[in-house]
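The values are calculated or read from the model by the stated rules, or taken from the named source; none is laboratory data. A quick note: this is a predicted structure, and the numbers were derived from the prediction, not measured. Note that we place each Cβ from the backbone using ideal geometry, even for glycine, and neighbour counts take in every protein chain shown. Remember, those area values only see protein heavy atoms, side chains included, never the ligands or the DNA or RNA. Shrake-Rupley method; radii C 1.70, N 1.55, O 1.52, S 1.80 Å.
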Amino acid sequence: MAMTQATVDEDGRGEVAALTAAACLFHGFSDRSRLSIVQHLALGEHRVVDLTGHLGLAQSTVSKHLACLLDCGIVTVRPQGRASVYALAHPAATLDLLAAAETLLGLTGDAVVLCPRYGEGAGS
């Protein structure tokens, strides 16, 4: 799946599939709460109760976002007694992606936050 270069095939389906998959991946990271959960999981495994305490979010909210991240393959879960312990599925690659995002955000300055379509004030 090549997202960083245009692929050439007869009908363009390969490129469309790669871009669709990338858009789905970025959607997994597109919510502030999910991104915060990912940042906490970058520090190590957490239970839902740990994340609710760290983030100040309701258990149902954390569980909903973890389900999304799990469905996207971004996190894994394993049972530990009666609890479930969550971790990043691919920690090095996830940290590389977050570092690249920080670099790009640094280069764009306030443009992303001020974007009339997707920035902080969008839709208000």
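Numbers at a glance
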| quantity | calculated |
| --- | --- |
| Pairs with Cβ under 7 Å, 6+ apart, first in the range 105-124 and surrounded by fewer than 10 Cβ atoms within 10 Å (Cβ to Cβ), second not in a helix (DSSP H, G or I) and not hydroxyl-bearing (Ser, Thr, Tyr) | Pro116/Ala122 |
| Among the residues listed as Ala67, Ala92, the single one being without any contact (Cβ under 8 Å) to a residue 40 or more places away in the chain and loosely packed, with under 12 Cβ neighbours inside 10 Å | Ala92 |
| Output for the range 74-94, where each listed residue is outside any strand (DSSP E or B) and among the basic types (Lys, Arg) | Arg82 |
| Evaluation of Leu43 against (1) farther than 30 Å from Glu120 by Cβ; (2) among the aliphatic types (A, V, I, L, M); (3) modelled with pLDDT of 95 or more (one fails), failing number | (1) |
| Checking Thr52 against (1) open to solvent by less than 40 Å² (accessible area, probe 1.4 Å); (2) within 20 Å of Ala21 (Cβ to Cβ); (3) among the polar types (S, T, N, Q), the condition it does not meet | (2) |
| Filter result (farther than 16 Å from Leu70 by Cβ and over 12 Å from the mean Cα position of the chain (by Cα)) within the range 28-47 | Leu43, Gly44 |
| Residue among Leu66, Leu97, Leu104, Leu70 that alone is within 23 Å of Thr20 (Cβ to Cβ), in contact with a Leu (Cβ under 9 Å, 6 or more places away or on another chain), in a helix (DSSP H, G or I) and of a type in the set (A, V, I, L, M) | Leu97 |
| Of all residues in the range 75-94 being of a type in the set (A, V, I, L, M, F, W, C) and modelled with pLDDT of 95 or more, the one that is farthest from Ala21 (Cα to Cα) | Val85 |
| Residue list for the range 18-41, filter: open to solvent by less than 40 Å² (accessible area, probe 1.4 Å) and either touching a strand residue (DSSP E or B) at 6+ places or on another chain (Cβ under 7 Å) or assigned to a helix (DSSP H, G or I) (or both) | Ala18, Ala21, Ala22, Gly28, Ser33, Arg34, Ser36, Ile37, Val38, Leu41 |
| Residue in the range 42-63 that is farthest from Leu98 (Cα to Cα), counting only those that are without any contact (Cβ under 8 Å) to a residue 12 or more places away in the chain and outside any helix (DSSP H, G or I) | Ala58 |
